[in-house]
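The values are calculated or read from the model by the stated rules, or taken from the named source; none is laboratory data. Only a predicted model underlies this, so the values are computations on that prediction, with no experimental measurement involved. Here the Cβ positions follow ideal geometry from the backbone for every residue, glycine too, while neighbour counts run over all protein chains shown. For the accessible areas, the whole protein counts, side chains as well, though only heavy atoms, and no ligand, DNA or RNA atoms are used. Shrake-Rupley method; radii C 1.70, N 1.55, O 1.52, S 1.80 Å.
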Amino acid sequence: MTTAVAGTPRGNARMARRLREAAELLEQQGDNPFRVQAYRRAAETIERMNRPVADILEAEGVPGLVALPTIGRGIAHGIADLVRTGWLPVLERLRGRADPISMLASLPGVGPVLADRIHHSLGIGTLEELELAAHDGRLERVPGVGTTRLEAVRAALADRLQRRRPPLPEDRSRPPVAELLDVDREYRRKARAGLLKTIAPRRFNPHRRSWLPVLHTVRRGRPYTALYSNTARAHRLGRTDDWVVLYYDGPSGEGQATAVTERSGPLRGRRVIRGREGESVRHYGVWVPPDPHAGLDGNGVF
């Protein structure tokens, strides 16, 4: 492994090591060689800088990181997460340590119980996705989120993500439901056939068994990583071979979606994207009459 260049700020050297480890794990898990190389090139760039990356982020934000040689937008957002939270989400996931509920619960005003409810009702597991939900009306429909808590979450997210303005109410960068379901279909088919590399997750795996299949794939140039859900609720309900978490790169950072098999209603037995049931209904061409007493979204959709 390449050693740090003399004069490299200590924070940069640590960051480069983590990016290089992410590249090595991506390569071991069969990801696209171009993506592997992107992480290695980013590590080399940061390792050779004599200005702390954290200073660039503070002064110029994510665009300042994107302006650096070899650092694309997706990696830039990961570096920003690492500076601000101490976590590089892609690396935690590749190591088998990903815990989206703990990430959400780290925000003031969001404890473990509410974080679990948000994650499983909206399919959210990143701060960027939570920020969007806090501004587009979805978060306030989650039980336990009143006006005061909603404003506290918005303020905490703005501080954590260092936003000058809220995100657009509609994030057109989100992948369409059809694309997400296509990745879900590929993952479940290959996982059942034993065609995927497996990792040993750190959570809910006392014997360190390598059981969790991982898929790295691409749709329309967008990198995806797919894994079965390894949350407490998935284990408690016996859904670890049904709920699939899909991670993807977006212009505002990493996004996440969860595909599940619907167990009731007109979509029963079909794969849907949690939190985007209305779009799932339209994807399948199913009409559902509106029912204001059933927690629907105004289009007759759960």
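With only the Cα atoms considered, the stretch 1-86 has a convex hull volume of 82 Å³ per residue. Look at the dipole of the chain built from charges on Cβ: of H283, H235, A42, the Cα furthest out on the positive end belongs to H235. Computed over protein heavy atoms with a 1.4 Å probe, the accessible surface of the chain works out to 48 Å² per residue.
Once the Cα atoms are used to define both axes, helix 10-28 deviates from the longest principal axis of the chain by about 60 degrees. The peptide list 15-24, 214-223, put in order of mean Cβ contacts within 10 Å with the highest first, becomes 15-24, 214-223. Expressed as a whole percent, the accessible surface of the chain that belongs to carbon and sulfur atoms is 50, based on a 1.4 Å probe.
Highest-first packing order for the peptide set 257-267, 70-80 is 70-80, 257-267, based on the mean count of other beta carbon atoms within 10 Å.
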